[in-house]
Amino acid sequence: MRFDLSARSSGRLTSDRYADVTNFITQMTHRRGGVWDDTERLDWRNISDVESMQITVQASEEDTQVRILADYAAMTFFAFFAILFSGMFIAAAIGGFVFQPSTLSGMAVIAVVGAIGSYAAARAAWKGFAQKRHRDLQRLLEALVAFVDKTSV
């Protein structure tokens, strides 16, 4: 799962304000990131086991572009399969206890129902997370653009 959001600020941010932008990003995300900057561009990056986020603020002659790249591939893998296998385990435990299947076909039905139910639950949980994360990143982008508007020349 990857997000790529960008917006433009009508103001032009100068490089002497990059420290203010970095502090604002840290305050908004509650994450410390590595900062790479030059006179035209600020790159803020935070990489962890579950998330990779990069925020770029690039000034041009007439405006400033803000871009957020976020990658949750590692988190997707672990969360999805944790929910999937937990659901299958619960389905097998409950199905085995309640129905007490004595045939291979009875056990197969419980396994198939458990797998389908677990997959659906994992997709629903992940979809909810993805929608919430998109809203959070969109709010962060809007706040960064407003901050750049306020602090630019």
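The values are calculated or read from the model by the stated rules, or taken from the named source; none is laboratory data. Just so it is clear, the structure is predicted and the values come from calculations on it, not from any experiment. As a convention, Cβ positions derive from the backbone with ideal geometry for all residues, glycine included, and neighbour counts pool all protein chains shown.
This table checks each residue for (1) farther than 30 Å from Tyr18 by Cα; (2) modelled with pLDDT of 85 or more.
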{"site": "Leu104", "(1), (2)": "yes, no"}
{"site": "Ile116", "(1), (2)": "yes, yes"}
{"site": "Leu144", "(1), (2)": "no, yes"}
{"site": "Asp149", "(1), (2)": "no, yes"}
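Tell me whether segment 127-139 contains one or more residues that are surrounded by 13 or more Cβ atoms within 10 Å (Cβ to Cβ), aliphatic (A, V, I, L, M) and either farther than 21 Å from Leu5 by Cα or without any contact (Cβ under 8 Å) to a residue 24 or more places away in the chain (or both).
First, pick out the residues of segment 127-139 that are surrounded by 13 or more Cβ atoms within 10 Å (Cβ to Cβ): 129-130, 133-134, 136-138.
Still in the list and also aliphatic (A, V, I, L, M): 130, 137.
Adding the requirement that they be either farther than 21 Å from Leu5 by Cα or without any contact (Cβ under 8 Å) to a residue 24 or more places away in the chain (or both) leaves none.
No, there is no match, as no residue in segment 127-139 is surrounded by 13 or more Cβ atoms within 10 Å (Cβ to Cβ), aliphatic (A, V, I, L, M) and either farther than 21 Å from Leu5 by Cα or without any contact (Cβ under 8 Å) to a residue 24 or more places away in the chain (or both).
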Quiz item: Which ones in segment 9-48 are over 18 Å from Tyr72 (Cβ atoms) and exposed (fewer than 13 other Cβ atoms within 10 Å of the Cβ)?
Solution: Ser10, Asp16, Ala19, Asn23, Gln27, Arg32, Gly34, Trp36, Asp38, Thr39, Glu40
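Tell me, which residue of segment 75-108 that is farther than 30 Å from Phe129 by Cβ and of a type in the set (Phe, Trp, Tyr) is surrounded by the fewest Cβ atoms within 10 Å (Cβ to Cβ)? It would help to see each step written out before you state the result.
Residues of segment 75-108 that are farther than 30 Å from Phe129 by Cβ, as a first pass: 96-108.
Still in the running and of a type in the set (Phe, Trp, Tyr): 97, 99.
Details: Phe97: 8, Phe99: 12.
Out of the qualifying residues, it is Phe97.
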Quiz prompt | Sole exception among (1) over 22 Å from Arg133 (Cα atoms); (2) assigned to a helix (DSSP H, G or I) for Thr26, by number | solution = (1)
Quiz item: Among the residues of segment 13-22, is there at least one that is in contact (Cβ under 8 Å) with a residue 24 or more places away in the chain and more than 29 Å from Leu144 (Cα to Cα)?
Solution: no
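Among the strands (runs of 3 or more DSSP E) lying completely within segment 41-114, list those that include at least 2 residues that are hydrophobic (A, V, I, L, M, F, W, C) and touching an Asp or Glu at 6+ places or on another chain (Cβ under 8 Å). Quick ask: steps written out before the conclusion?
Values: elements: 41-47, 52-59, 64-71.
It comes to 52-59, 64-71.
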Exercise. Write out, first by first residue and then by second, each pair whose Cβ atoms fall under 8 Å of each other, whose residues are 6+ apart or on separate chains, and whose first residue, in segment 69-91, is basic (Lys, Arg) while the second is part of a helix (DSSP H, G or I).
Key: none
